[in-house]
1. Counting only residues that are under 21 Å from S424 (Cβ atoms) and of a type in the set (K, R), how many does the range 132-160 have?
2. Could you go through the range 430-440 and let me know if any residue there is under 17 Å from the mean Cα position of the chain (by Cα) and either outside any strand (DSSP E or B) or surrounded by 20 or more Cβ atoms within 10 Å (Cβ to Cβ) (or both).
3. Does A368 count as at pLDDT 95 or above and in contact with a helix residue (DSSP H, G or I) (Cβ under 7 Å, 6 or more places away or on another chain)?
4. Yes or no: the range 189-200 includes at least one residue that is over 25 Å from the mean Cα position of the chain (by Cα), among the polar types (S, T, N, Q) and at pLDDT below 70.
5. I need the full set of residues from the range 141-151 which are over 14 Å from the mean Cα position of the chain (by Cα), closer than 14 Å to P183 by Cβ and buried (at least 16 other Cβ atoms within 10 Å of the Cβ), in order please.
6. Looking only at strands (runs of 3 or more DSSP E) that fall completely inside the range 316-429, which ones have 2 or more residues that are among the hydrophobic types (A, V, I, L, M, F, W, C), surrounded by 16 or more Cβ atoms within 10 Å (Cβ to Cβ) and in contact (Cβ under 8 Å) with a residue 24 or more places away in the chain?
7. Could you check the range 101-202 for helices (runs of 4 or more DSSP H) lying wholly inside it with 2 or more residues that are hydrophobic (A, V, I, L, M, F, W, C) and in contact with a helix residue (DSSP H, G or I) (Cβ under 9 Å, 6 or more places away or on another chain)?
Amino acid sequence: MRTVGELGQTRRDMLRFGGAGLALAAAGGAVPRLAANTYGLKANPRGNARNVVYYEVSGAISHIESFDFKESAGMPKDLDIRKVRDNLYLSHRLFPRLEKQIGKFAIIRSMLSHEEVHFRGQYYVQTGRQLNLAFAREIPALGSVMAYELEKRRRPQDTFPSYMSFNLDKAFPGALSTGFLHPRYSVVDINPDSATKGMSLSDKAVALLEERWRLLKALRDSEKDKVAKLGREMSGYTDFYDTAHKLLSDSRWPAAFQISPQDRERYGAGPVATSCILARNVLAQDAGTHYIHICHPGWDHHVQIWDKKAASNHYTLCDEFDPALASFIEDLAATPSKTDPSKTLLDETLVVVMSEFGRTPFDLNNMAGRDHYNKCFPALFAGAGVKAGSIHGATDKDGAKCLDPGWNRKEQPRIENIAATMFSALGIDWSREIKNTPSGRAFPYVDPLGPHGFIPIDDITSIYG
């Protein structure tokens, strides 16, 4: 338990754990006004999930040695490839735990990215659109748009932020800001290495916190007219401190950061394992968080991708990925929903697992690695009514060319369609747009203007069967 003397440190911890998105919030900004829809497009949100979790395999896993297995000259001999079911082969060496949970997933093997470098690709993943430096300052992260839309659904007992992330500071762009949206819709990004070192207060510390909060409130009330003139930056910090106060006063917050020895044994000991355990705990508390972004960095192996002597390689990353993701899915499927006892957390949570692109097929490069490849790569979906065990889309014998897009369009699905699918699951009309942005340029939730003209922005309904 925290002592009175540690109260100041706890407050600093809150700023360190959750301040990244707020600190990056753009100055100025508009009060959003929604138009009917984007370019006359129609959307029919499914509303099949209360929560969405995006697991970012940051840096790009080799798709031909994972979820779109293809024989290759560069493939190591010890992968122990096993047939899981028709058209699905997995490496037992890399995915022994996930092999038992993979039947809960729908897999699309035909994803296409507009980007082929990490910073731009990971920005694309976080925002659902290509990077445009002229407007980047005002563009919010997808999670912030979701938090904005979900604000009206928040209950009086909801103290946790609508949008949380774990380890996102390790992504190339970091945790992106709210853009022109108010900072109250910012991400609270949790550093998994620091988060479990103590998040609760003793009774004396709570009493001191409440006394200081009373004094701060009296000071705010006396200065409210002056503070109101200082703009959204000051109101953003006010909202942030309000959130911090509610969290530190809520017993569910420290409870969400408890990790048992049994959890460590099943999930693993590293940051990604911690991230998955804490994401599970946050969802289980049902305290207001409905969009979670988990970042698993390090998958950029241009050199020695399968060299066990290398400091980092796909073996070591898969040894982190496999138990963490498998345990996360297993636990969501075994945890009853607090809002509907007839359902599990997995029933009401859409889990999306994907890199920003794939890695080059065929043989290894001249440094025994695989480079960036955006022409086709897989995405995995679990929970919220997806057709478990289904596979959609197909590539050629090398995993280099898409043969079947795997949905109701002739074009390959893109990250815009992943964004639409997540919005749809939460019951959000992704065809909406915000008109009065600082630049005067309309902001569609999902942008239909691709690099070569209009692209379809449908949600990917084929994953539901």
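1. 3
2. no
3. no
4. Yes, because at least one residue in the range 189-200 is over 25 Å from the mean Cα position of the chain (by Cα), among the polar types (S, T, N, Q) and at pLDDT below 70.
5. Answer for the range 141-151, where residues must be over 14 Å from the mean Cα position of the chain (by Cα), closer than 14 Å to P183 by Cβ and buried (at least 16 other Cβ atoms within 10 Å of the Cβ): just Y148.
6. 349-354, 377-382
7. So the answer is 142-150.
The values are calculated or read from the model by the stated rules, or taken from the named source; none is laboratory data. Just so it is clear, the model here is predicted, and its values are computed rather than measured. Because the Cβ atoms are built from the backbone with ideal geometry, glycine has one as well, and the counts that use them run over all protein chains shown.
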